[in-house]
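Quick notes on the structure that follows.
The values are calculated or read from the model by the stated rules, or taken from the named source; none is laboratory data. In this text the structure is predicted, and so the values were computed from the model without any measurement. Backbone-built Cβ (ideal geometry, glycine too); neighbour counts: all protein chains shown. Just the protein is used for accessible areas: all its heavy atoms, side chains included, with ligands, DNA and RNA removed. Shrake-Rupley method; radii C 1.70, N 1.55, O 1.52, S 1.80 Å.
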Amino acid sequence: MKFTLLGTGTSSGVPTISCNCSTCTSDDIRDKRLRTSLLVESEKSTVIIDTSPDFRQQMLKYNVRKLDAVIFTHHHFDHIGGFDDIRAFNYTSKKSVPIYLTDITLAKLKRTFFYAFEEIEQLGGGIPLVDINLINSEKFQIGDILFEPIKLLHGKLEVLGFRINNFAYCTDTNYVPPESISKLRNLDILVLDALRYTKHTTHFNLEESIEAAKLIGSKKTYLTHIAHQIKYDECQSNLPPNIFLAYDGLTFEM
Ligand SMILES: [Zn+2]
Ligand SMILES: [Zn+2]
Ligand SMILES: [Zn+2]
């Protein structure tokens, strides 16, 4: 199984438009962050978690040639913005792409991309073709990969993280409930939200994320959904052992 972080940036991405800060002007490629997304590949199956606004660029950059399914963590635009570009996979595979999401995320997705779920207005305007699979807290299988949803709070909003074997992906959260912590025992790799140094109402800041990482106790934790206030080299050198900043293109083979 191979996991690739296609994007590790917060909703505005890094560099952020019109910003001249030292991160946004850095030459370090680890300070270039597309919007948050994960590619999960097994021998048989290719699955993406979230279609970020950078989805098209991410599919091209990482040479993703087939897509067996998309899973959504929640409906915020930085996680669904690339939904329309699923069309490209419809064209090449001549099939719909299965999507997995909660009923709440589906309702919001339908509001943002209304045209994909309504009667077609006229022929010629391509729409993303998807098969809807509703998920909740039950495990589900896509090809040969088993996904376990992990409930997380993102401010007031309930969102999903996912565990796949001894790997877990928990972006966009500032609270991991106790029942979810018990589902995250014995991990080798945890990918966890850490937005910036100062507090935020819907994301862990660095300090809170480190605290949560210690509580969960994964062998290694990689922090994602990072804003431009965090510069890779400055921050990484001060992190505790076994906790690392993630960066775009980082892969884990397990
Ligand atoms: Zn900046
Ligand atoms: Zn969010
Ligand atoms: Zn987000």
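I need the Kirkwood Rh of segment 46-89: take the reciprocal of the average 1/r across all distinct C-alpha pairs and report it in angstrom.
For segment 46-89, the Kirkwood estimate is 10.3 Å.
Might you tell me the accessible area per residue for the chain, computed with a 1.4 Å probe and given in Å²?
Accessible area per residue: 47 Å².
Treating only the Cα positions of segment 203-254 as identical point scatterers, give the base-10 log of I(q)/I(0) from the Debye formula at each q in 0.21 Å⁻¹.
One equal scatterer on each Cα of segment 203-254 leads to -0.81.
Greater than 25 Å separation of Cα atoms is the criterion. Which listed pairs, Lys108/Lys219; Lys61/Lys139; Lys95/Lys156; Lys151/Lys214, meet it?
Working: Lys108/Lys219 36 Å; Lys61/Lys139 30 Å; Lys95/Lys156 36 Å; Lys151/Lys214 18 Å.
Flagged as over cut-off: Lys108/Lys219; Lys61/Lys139; Lys95/Lys156.
Roughly how compact is segment 1-106, stated as its Cα Rg over 2.2 N^0.38 Å to two decimals?
Cα-based Rg divided by the globular estimate yields 1.12.
Scan segment 98-181 for trypsin sites (Lys or Arg not before Pro) in coil per DSSP, keeping those whose Cβ has at most 12 other Cβ atoms within 10 Å, and list them by number.
Within segment 98-181, the qualifying trypsin sites (Lys or Arg not before Pro) (loop, at most 12 other Cβ atoms within 10 Å) are Lys139, Lys156.
Let me check the size of segment 68-192 from its C-alpha atoms; what are the radius of gyration and Dmax in Å?
That works out to 15.8, 52 Å for Rg and Dmax.
Which cross-chain or sequence-distant (5 or more) residues have an amide H under 5 Å from the amide H of Ile142, H modelled 1.01 Å from N in plane?
For Ile142, the qualifying residues are Phe147.
At q = 0.12, 0.13, 0.18, 0.28 Å⁻¹, what is the base-10 log of I(q)/I(0) for segment 126-197 according to the Debye formula with one equal point scatterer per Cα and no solvent? Please give it to two decimals.
At q = 0.12, 0.13, 0.18, 0.28 Å⁻¹ the computed log10 ratios are -0.37, -0.43, -0.76, -1.35.
Take the solvent-accessible surface of the protein heavy atoms, probe 1.4 Å, and return the percent of it on the chain that carbon and sulfur atoms account for.
50
Could you work out the local net charge near Asp233, counting Lys and Arg as +1, Asp and Glu as -1, over the other residues with Cβ closer than 13 Å to its Cβ?
Here the count lands on -2.
Within segment 182-203, list the residues whose amide N lies under 13 Å from a label point set 7 Å along Cα→Cβ of Asn166.
Residues 185-190 fall inside that zone.
Count charges around Lys32 for me, please; just the other residues with Cβ under 15 Å from its Cβ, Lys/Arg as +1, Asp/Glu as -1.
-1
Just need the relative contact order of segment 84-128 here, percent rounded to a whole number, with Cα pairs under 8 Å and 6+ apart.
Normalised by residue count, the contact order of segment 84-128 is 53 percent.
With the cut-off at 30 Å, report for the chain the share of all Cα pairs above it, as a whole percent.
When every Cα pair of the chain is considered, 23 percent fall beyond 30 Å.
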